[in-house]
Amino acid sequence: MNRPRRNRRTPAIRSMVRETTLSPADFILPLFFHEDAEDAAIASMPGVTRWSLASLVREAGEARALGIPAIVLFPKIDEALKTPLAEESHNDDGLVSRAIRALKAAHPTLCVITDVALDPYNSDGHDGIVQRDGRGELEILNDETVEVLCQQALCHARAGADIVAPSDMMDGRVAAIRDGLDSEGFTNVSILSYTAKYASAFYGPFRGALDSTPKAGDKKTYQMDPGNAREALRETLLDEAEGADMLMVKPAGLYLDIIAKVRETSTLPVAAYQVSGEYLMLKSAAAGGWLDEKAIVLESLLAIKRAGADMILTYFAKQACGWLKS
Ligand code: PBG
């Protein structure tokens, strides 16, 4: 008789036949930081901190020491520096540029990834430049935004970023950023494109962390409709053709089908972002004593990898490294 349970009989056998395993090298740690010298707890994301520049460097070093290869930077920009055209997004003396330089000086082997989008810098809180028509309806300008995104990517490259990650979902930005980087000699700076980024309600806690909630309107004219899967493949083919080095699906846990489809459609590495709302769901269930934190977090990460992700952006990266060791 065929007995599949024989392969599950002992821990040793299970470990031999396990198809998917997690390791610290799978993780990318998103880090929030600000200009203040004091660290601040983020109310919308229990257990996550918005760091001072000095603490950011220390935190990134700890992550690297645990075996995490990369971090992604998310700055909280002072309200006074936010403008309709988001000029602060490409200030070479701005918070992000200073952070990149400090991180690369302190931790040369750490891969530094930056988020390319205007929302932290834009007084309208959108990822692109906002125009209002006569009736007060918002339009998020595409090509004008892409020009600023190119300047932002160049600014990050000048400071020493290894990878720029456009998360704005404007059309044509990957090709434009690639051209911009190449023409300035940054041929070795990679592009990790947010290929399929959905207009998700699960980004709420993140926007709380950065005070970057749109002042009006929503992001549905640029981020993808949660009902669409084929459209993710259209974006995949475009990003490949435009020269992306890596693709991303976001959110992760509720979009495992999209991760699997993108994985099958492209030969490029695929990242998935376990976003702030996913983090909050798992944390809340654990904090309530209802579910076992270690078990649910590791299972959620394993599922994302099993679906086809090569890399996982997760706020649990450091904790997960600790659990994997024990
Ligand atoms: C902004 C950006 C967002 C996230 C990453 N980059 C928010 C948004 O698109 O509104 C969300 C990450 C998270 O929720 O953890 N371009």
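At a glance:
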read-out	value
Carbon/sulfur fraction of accessible area - region 20-325, other protein chains in place, 1.4 Å, %	52 percent
Total charge dipole magnitude, the chain, about the Cα centre, Cβ charges on Lys, Arg, Asp, Glu only, Debye to nearest 20	2280 debye
Candidate residues TYR273, TYR255: accessible-area rank, largest first, probe 1.4 Å	TYR255, TYR273
GluC sites (Glu not before Pro) restricted to region 13-98 and DSSP loop, no more than 12 other C-beta within 10 Å	GLU19, GLU38
Relative contact order, percent, region 20-325 [alpha-carbon distance under 8 Å, six or more residues apart]	19 percent
Heavy-atom accessible area order for ASP245, ASP168, largest first, 1.4 Å probe	ASP245, ASP168
Exposure of LYS318 as accessible area (Å², to 10), given a probe of 1.4 Å and all protein chains	50 Å²
LYS215, LYS294, ranked by accessible area, largest first (probe 1.4 Å)	LYS215, LYS294
Per-pair calculated FRET efficiency, R0 = 30 Å: THR109 and ARG14 via Cβ, rounded to 0.05	0.35
Length released on extending from SER123 to SER23, taking residue separation times 0.36 nm less the Cα-Cα span	32.0 nm
Pairwise Lys count, the chain - Cα closer than 13 Å, eight or more residues apart or different chains	7
Sum of side-chain charges, PHE33 neighbourhood, beta-carbon under 14 Å (Lys, Arg +1; Asp, Glu -1)	-3
Accessible area of ARG6 in the full protein assembly, 1.4 Å probe (Å², nearest 10)	130 Å²
Region 67-192: relative contact order in percent, alpha carbon pairs under 8 Å with at least 6 residues between	26 percent
Computed label-point distance, nm, for sites ASP257 and ASP78 using a 7 Å Cα→Cβ extension	4.8 nm
Label point 7 Å beyond Cα of ALA199 along Cβ direction - residues of region 243-263 with amide nitrogen under 17 Å	250-251
ASP39/ASN2 FRET efficiency (R0 45 Å; Cβ-Cβ; nearest 0.05)	0.20
Mean accessible surface per residue for the chain, computed with a 1.4 Å probe while every protein chain stays in place, in Å²	45 Å²
Helix-derived mean residue ellipticity, 222 nm - over the chain, DSSP H n ≥ 4, -39500 (n - 2.57), to 500	-12000 deg cm²/dmol
Antiparallel content of DSSP bridges confined to region 20-325, in %, to 5	15 percent
Shape category assigned to region 20-325 from the gyration tensor of Cα positions, a/c cut at 1.5	rounded
Calculated FRET value between LEU238 and GLU139, using beta carbons and R₀ = 22 Å, to 0.05	0.55
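The values are calculated or read from the model by the stated rules, or taken from the named source; none is laboratory data. It should be emphasised that the depicted structure is a prediction, and the values quoted were computed from it without experimental measurement. Using ideal geometry, Cβ is built from the backbone for each residue, glycine included, and neighbour counts are taken over all protein chains shown. Calculation scope for accessible area: heavy atoms of the full protein, side chains included, ligands and nucleic acids excluded. Shrake-Rupley method; radii C 1.70, N 1.55, O 1.52, S 1.80 Å.
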